[in-house]
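Student: Structure provided below as C-alpha cells; questions to follow.
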Amino acid sequence: MTDGSPAPAPEISGASGGTGLRAVLPDLAPWKASRDFRRLWVSGLITNFGSFLTFVALPVQLKELTGSAAAVGALGAVELVPLIVFGLYGGALADALDKRRLILWTEVGQGLLSAALLAGALLPHPAVWPLYVIAALCAALTSVQRPALDSLWPRIVAHEHLTAATALNSLRWTVGGVAGPAAAGVVVAYAGLSWAYAADVLTFAVSVVLVVRIAAQPATHEAAKPSLRAIAEGARYAWGRKELLGTYVVDLAAMFLAMPLAVLPFLADELDARWALGLMYAAVPLGSLLVSLTSGWTSRVHRHGRMVVLAALLWGLAVAAAGAVGHVWLVLLFLTVAGGCDMVSGVFRGAMWNQTIPDALRGRLAGIELLSYSAGPQLGQVRSGSFAAWWGVRASVWSGGLLCAGAVGLLALCLPGLMRYDARTNEHAVRLREDRAAAAVRAAA
C-alpha cells in the first residue's frame with residue numbers, strides 16, 4: 001500500500017460465523033479448543049454468582065443499618081483506593097509471577113472475607129465499620145486477581161479466537177450477574193442476609209477446586225520484576241497508545257457519570273416496589289446476557305473503537321430514560337437496554353486490548369484497564385449517592401445519564417485515533433497476530 005499503512009489482515013478462519021441462527025449465537029471455538037479456558041470459565045461463572053449475592057446483600061445491610069443513601073454510596077469511596085493501588089501493583093505481579101497461583105490465593109482470600117461477612121451478619125447487633133473494612137479488603141484482592149485473570153486467558157486461547165473468547169467471558173459474567181442478584185433479592189427478603197453470604201462462601205470453595213486443576217502459567221523470561229519502574233513502563237506504553245487510552249477514558253466517563261447501582265434500593269422504595277430490587281440489580285446484567293447470547297456478529301466487526309463510543313453513548317441515554325420514567329417495569333426495561341449497551345462496549349474494548357497488547361505487558365495493562373472499568377463504577381456510586389442525597393433519587397439517575405451522553409459525544413470528537421481503529425490494519429494488531437503465528441510455527445517444529 002502506498003500510504004504506508006499495514007496491509008489488511010487475511011481472513012481469519014471462523015470469523016464469518018456461518019449463516020442464520022449460527023451467525024448470531026456465541027462462537028464456541030475457544031471453549032472447544034482449550035480445556036483450561038473451560039475450567040477458568042466455569043470457575044468464574046460460579047464465583048460471579050456468589051459474588052453478586054454479596055453485591056446485593058452488602059448495600060442492603062448498610063441501608064438497613066444506616067438508612068442513608070450517602071452511606072451506601074460511600075462503599076465506592078472506601079473501595080476506590082485499594083482498586084487504584086492494588087490494581088496497578090497487581091498488574092505488575094501478574095507479569096512477574098505464576099498467574100494461576102496468584103488467582104488461586106486471591107480466590108482463597110476472598111472466600112475468607114465472605115466468611116467474615118457471614119460471621120458479622122449472624123451477630124445480634126452488627127457494626128457498620130467492619131462492612132467498610134471488608135469491602136476495602138475485597139477490593140484489594142479483586143484488584144490483585146483481575147489483572148492475572150485478564151492476562152491469563154489470552155495465553156490459553158488462540159489469537160483468532162480472542163474476540164469470541166471475550167464474548168464468552170462476558171456471557172459467563174452476565175449469567176452470574178442475572179442469576180445472582182435475582183436470587184439475592186429472594187434470599188435476602190425471605191431467608192436473610194446470612195444465607196446470601198453463606199452461599200458466596202460455598203461458591204469460592206468450588207471455584208478454588210477448579211482453579212487448582214488449571215496448568216501453571218509462569219511469567220515470561222523477559223518479564224519485569226514488580227516495581228514502580230515496571231508499573232511506569234506499562235503506563236508509558238498505555239499513554240503512547242492513544243486508541244487504548246481512548247477506551248479507558250470513554251469507559252471511565254460512562255461509569256462515573258451514569259452508574260446508578262448505589263441508589264437502586266432507594267429507587268425501589270420511591271417507586272413502592274421493594275419486591276423489584278433484585279430485578280433492578282439483575283436488569284443491567286440481563287441486558288448484557290442478551291447481547292452475549294447473540295454475540296456471534298461481534299467477530300465480524302472490525303471498527304471496534306466506533307462501537308465502544310456508540311455503545312457508551314446509548315448506555316447514558318438508556319440510564320437517563322430509566323431515571324425519567326415513573327413506572328417500575330419501564331425502569332427495568334431501560335436498565336436492561338443499558339446493560340446491553342454496556343456489554344457491547346465491553347466486548348469491543350476487550351477485543352482491542354487483547355488483540356494488540358504484547359504478552360510481557362498484559363498484566364500491567366490489565367491493571368490500568370481495571371481502573372477504567374472498576375474505579376469508574378466506584379466513583380459512580382459516590383456520585384449517584386451524593387446526588388440522591390442532595391436532589392433526589394430519580395434526578396440523580398437521569399442527570400447522570402445525560403451527563404454521560406454529553407461527555408462521550410465530546411470525547412468522540414477529541415479521540416480520532418479511537419474512531420479510526422480497525423483490527424485488520426492497526427499496526428499493533430498486525431504485529432501481535434504475526435508474532436503469535438510465528439510462535440505457533442516454532443512450537444509445531
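The values are calculated or read from the model by the stated rules, or taken from the named source; none is laboratory data. Worth saying up front: this structure is predicted, and the values here are computed from it rather than measured. Cβ atoms come from the backbone with ideal geometry, glycine included; neighbour counts cover every protein chain shown. We work out accessible area using only protein heavy atoms, side chains counted, and drop any ligands, DNA or RNA first. Shrake-Rupley method; radii C 1.70, N 1.55, O 1.52, S 1.80 Å.
Student: Keeping all protein chains in the complex and leaving out DNA, RNA and ligands, what accessible area do you get for C404 with a 1.4 Å probe, in Å² to the nearest 10?
Tutor: 0
Student: Still on this model: Which of the aspartates and glutamates could a cross-linker bridge to K32, judged by Cα under 18 Å and excluding same-chain residues fewer than eight apart?
Tutor: Of all the aspartates and glutamates, those that pass the test against K32 - Cα under 18 Å, at least 8 places apart if same chain - are E160.
Student: I'd like to compare 114-122, 49-57: which one has the highest average count of other Cβ atoms within 10 Å, and what's the full order after that? Working shown, then result.
Tutor: Values: 114-122: 18.6, 49-57: 25.0.
Highest mean packing first, the order is 49-57, 114-122.
Student: Net charge around L75, counting only other residues with Cβ within less than 15 Å of its Cβ (Lys, Arg = +1; Asp, Glu = -1)?
Tutor: 0
Student: Could you sort the peptides 396-403, 342-349 by per-residue average Cβ neighbour count (10 Å cutoff), highest mean leading?
Tutor: Highest to lowest by the protection proxy: 342-349, 396-403.
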